Amino acid sequence: MIEQKITLPVIGMTCANCAMNIEKSLKKVHGVKNANVNFAAEQALVEYIPSITSINDIISAITKAGYGAVHPDDLIDVEDAEQAARKAEIKSQTRKFAVGVLFALPLFLLSMGRDFNLIGMWSHQTWVNWLFLFLATPVQFYTGWDFYTGGFKSLKNRSANMDVLVAMGSSVAYFYSFAILIFHSPGDHVYFETSAVIITLIKLGKMLESRTKGKTGGAIRKLIGLRPKTATIIEKGVEKKISLNLVKKDDTVIVRPGERIPVDGIVIEGKSAVDESMLSGEPLPVDKKAGEQVVAGSINGEGLLKFKATRVGKETALAQIIKLVQEAQGSKAPIQAIADRIAAIFVPTVIIIALFTFALWWGITGEFVTAIIRLVAVLVIACPCALGLATPTAIMAGTGKGAERGVLFKNSEALEMTTKLNIIVLDKTGTITMGKPAVVDVIPFNPGCETVENLLKLGASVEKGSEHPLGKAIVNEAEKRGINLLEPKDFKASGGLGVEARINGIPVLLGKPKWLQEMGINIDKARDKIDFLQSEGKTVMVLIQNSELCGLIAVSDTLKPESKKAISQLHNQNLSVVMLTGDNLQTAQAIASEVNIDKIFAEVLPEEKSSKIKELQKKKNKVGMVGDGINDAPALAQADVGLAIGTGTDVAIETADVILSSGSLNGVLSAISISKATMNTVRQNLFFAFFYNIMLIPIAAGILYPFDIFPNFLRQLHPILAALAMALSSISVVTNSLRLYNAKID
């Protein structure tokens, strides 16, 4: 059955437990294969079978769980809708915080003034407590209402989230004070300011967290911003400016100097240099002329370009990149499983600790109020938010940074695994070399091919039906020389070894020397010449006509300019570099010696490439495979991380885990650097989140109280300070993740 993926913006989550609740609900929907909900990105990435379930069913499951989702209506750009929802959320949080400050600040000042006898005896009258109730109630039930609704949703889904802790902690302080007021206990202290300030401070944290989280999605918004809103097309000879979503395939589009290219297409008229750095990460513009491709989002230089639209809307390369980045940001790295397991039991554990703390302090001191304050402090200082934000915010920032550098991680598992690689396997043609081989030697051997032109005509004719780069190079050379080719009959290719066909009824073979020898054909008189050409790093093809040696055609592929330096830098990172090629050993050795390759697998057939990866993996190596061709696809799939050169075939790109848009080996270095920087940030965040809770929950419970050497604010941690610490913990984790945008990447 055909599966589809969809990314839905989710509204109403307050912590990582909310994300887990939604995941559970989605996985119960018949037809949903998998669901990942990212609390930091506020998105759900759902894999489903359209013939069994629909988007409406998926949204309905999210709604029943107590949350909301933005429907990807075709009439509304989903990114715009998501941005509108996020802005509305920030506006709502800001408004509720403002109301909290409006009522909690005077309440706090009056309460503290009374406690420290700064405002006179009038403040101890009963009506002042009623004033405190009046000031605290809007904060408790307007500013803090989200905590009640969030806690109810969580409990309804048979779990407990951060909202449960905040609602419990603030309610204990509020309703205890309310009970004192109702039952007229004039000697007892009320704690309305405690509940109000706790809620206001935590709401401050949520407001700042919402604003800061929005920045982690900056890469997506930058990519979306690359799309122009309009395009200029030619219709019936007349130029028309239309909305981007009205451009159709095969429309003729005009792009003037300095304008962004609106859709993908093929240039039909004009010349210009185009800035494609948004795709490749490479700063130098690329020259474009008739017959060459242009991509949406790139910037036209000084020339006027006229091109035919080939891919529009969601089919463009830019749209696909946006989709890939969104899916990567919505996926879960394996390391997040640790945080998820802890988050699942965190809140119930904190409630048990808080109740134990209450019982212990009441038993030791006999003071109910002291025990209540300790209970409230434990409840409000425990923050699963920092734990839930630790991994996804770093993943979002890391994949966003990668997109800016032309490195596209398809999922966060690939991002994490890239840090563990110790062997990088490189395909030769198109990866280490330019992948555009050219004929460099044509050597006739017998009277049937007495001239270079005759030999080239025969060789190019038999290769006319081939898709192999070497075959294309021979055909291109013949066409360049103006040689008219003959029509091959009964064409047959032998898996990267050679081709055969009938030319004018005569059987002709063109292929690698080893292949021909295995067929029993004698090529001994050309052996010295073959060895010499191969020692120069050239690929030699032997042409046989009617079982007779006819001549040699040597093809050479030049190194990419950056290959030698990139491989040297991979060595500097303690990575072993292996070359995997179907070419002969001598040619492979010549290339390997130029770029300092550690190990060579030569004369490897396409179907054997994946077995070579397995061979390396059996020795407990973590292997990254870099390739660009259809024949590399099995090896890319077998590797622990497959990295596809972005200029390669669609099959290779589809199979790989990481896409290097630049087509350069420097992209491998960038991928490794980004991966390491991201995972270091994840570990820092997780350490901070764990350390925060391990240290501060015991302090809130009063573990430091017996020790006079510690300051009093730590020995008797007030719930208000606990709320402030809780708010700051989440903000610090997100801020640490944002540092990735400024990280130095090789």
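The values are calculated or read from the model by the stated rules, or taken from the named source; none is laboratory data. All figures in this text were calculated on a predicted structure; none of them were measured in a lab. As a convention, Cβ positions derive from the backbone with ideal geometry for all residues, glycine included, and neighbour counts pool all protein chains shown. Calculation scope for accessible area: heavy atoms of the full protein, side chains included, ligands and nucleic acids excluded. Shrake-Rupley method; radii C 1.70, N 1.55, O 1.52, S 1.80 Å.
Some points to look at:
- Being of a type in the set (S, T, N, Q), open to solvent by less than 60 Å² (accessible area, probe 1.4 Å), in a loop (DSSP other than H, G, I, E, B) and at pLDDT 90 or above is true of THR53.
- Out of LEU704, LEU724, LEU696, LEU740, sole residue that is touching a helix residue (DSSP H, G or I) at 6+ places or on another chain (Cβ under 7 Å) and in a loop (DSSP other than H, G, I, E, B): LEU704
- A count restricted to region 409-463 and to residues that are open to solvent by less than 20 Å² (accessible area, probe 1.4 Å), of a type in the set (Ser, Thr, Tyr) and under 14 Å from MET625 (Cα atoms) stands at 2.
- One residue stands out in region 520-543 among those that are under 16 Å from VAL499 (Cβ atoms) and of a type in the set (A, V, I, L, M): the one that is most open to solvent (accessible area, probe 1.4 Å), namely ILE521.
- GLY498 being small (Gly, Ala, Ser), in contact (Cβ under 8 Å) with a residue 24 or more places away in the chain, open to solvent by less than 20 Å² (accessible area, probe 1.4 Å) and under 19 Å from THR581 (Cα atoms): yes
- Residue count, region 11-30 (criterion: free of Cβ contacts under 8 Å to residues at least 60 places away in the same chain and open to solvent by less than 10 Å² (accessible area, probe 1.4 Å)): 2
- Any hit, region 635-650, residues being of a type in the set (Val, Ile, Thr), in contact with a helix residue (DSSP H, G or I) (Cβ under 6 Å, 6 or more places away or on another chain) and either modelled with pLDDT of 85 or more or open to solvent by 60 Å² or more (accessible area, probe 1.4 Å) (or both): yes
- Figure legend. Inter-residue proximity from region 596-619: first residues at negative phi, second residues of a type in the set (S, T, N, Q) and part of a helix (DSSP H, G or I), beta-carbon distance below 6 Å, spacing 6+ or different chains. Indicated pairs: PRO606/ASN631; SER610/GLN638; ILE613/GLN638.
- Residue under evaluation SER670, criteria (1) without any contact (Cβ under 8 Å) to a residue 40 or more places away in the chain; (2) under 30 Å from ASN422 (Cβ atoms), criterion not met: (1)
- Among the residues of region 93-107, none is identified as closer than 14 Å to VAL128 by Cα, crowded, with 20+ Cβ neighbours inside 10 Å and of a type outside the set (A, V, I, L, M).
- Residues of region 547-564 satisfying the condition of being out of contact with any strand residue (DSSP E or B) (no Cβ under 8 Å at 6 or more places or on another chain) and in contact (Cβ under 8 Å) with a residue 60 or more places away in the chain: GLU548, GLU562
- Any hit, region 355-371, residues being surrounded by fewer than 17 Cβ atoms within 10 Å (Cβ to Cβ), out of contact with any Asp or Glu (no Cβ under 9 Å at 6 or more places or on another chain) and not in a helix (DSSP H, G or I): yes
- Filter result for ALA473 (crowded, with 22+ Cβ neighbours inside 10 Å, out of contact with any helix residue (DSSP H, G or I) (no Cβ under 7 Å at 6 or more places or on another chain) and touching a residue at least 40 places away in the same chain (Cβ under 8 Å)): yes
- Residues of region 1-30 that are assigned to a loop (DSSP other than H, G, I, E, B) and within 14 Å of GLY66 (Cβ to Cβ): GLY12, MET13, THR14, CYS15.
- Residues (at pLDDT 80 or above and open to solvent by 20 Å² or more (accessible area, probe 1.4 Å)) located in region 122-132: TRP122, GLN125, THR126, TRP127, ASN129, TRP130, LEU131
- Whichever residue in region 684-698 is in contact (Cβ under 8 Å) with a residue 24 or more places away in the chain and farther than 17 Å from TYR741 by Cα and, among such residues, is surrounded by the most Cβ atoms within 10 Å (Cβ to Cβ): ALA689
- Summed over region 689-733, the residues that are of a type in the set (A, V, I, L, M, F, W, C) and under 24 Å from THR14 (Cα atoms) give a count of 19.
- THR735 vs. criteria among the hydroxyl-bearing types (Ser, Thr, Tyr), open to solvent by 30 Å² or more (accessible area, probe 1.4 Å) and at pLDDT below 85: no
- PHE134 vs. criteria touching a Phe, Trp or Tyr at 6+ places or on another chain (Cβ under 6 Å), within 17 Å of LEU105 (Cβ to Cβ) and aromatic (Phe, Trp, Tyr): no
- Within region 651-671, considering residues that are in a loop (DSSP other than H, G, I, E, B) and in contact with a strand residue (DSSP E or B) (Cβ under 6 Å, 6 or more places away or on another chain), the one modelled with the lowest pLDDT: GLY663
- Residue-level analysis places ALA296 outside the set of residues that are in a loop (DSSP other than H, G, I, E, B) and modelled with pLDDT of 90 or more.
- Residue, most open to solvent (accessible area, probe 1.4 Å), within region 31-42, restricted to residues that are closer than 26 Å to THR735 by Cβ and outside any strand (DSSP E or B): GLU42
- For region 246-269, the count of residues that are exposed (fewer than 15 other Cβ atoms within 10 Å of the Cβ), without any contact (Cβ under 8 Å) to a residue 24 or more places away in the chain and of a type outside the set (Asp, Glu) is at least one.
- Candidates in region 60-77 are the residues that are closer than 28 Å to LEU208 by Cα and open to solvent by less than 40 Å² (accessible area, probe 1.4 Å); of these, the one that is modelled with the lowest pLDDT is PRO72.
- GLN586 open to solvent by 10 Å² or more (accessible area, probe 1.4 Å) and modelled with pLDDT under 90: yes
- Some residue of region 339-347 being part of a helix (DSSP H, G or I) and touching a Cys at 6+ places or on another chain (Cβ under 6 Å): no
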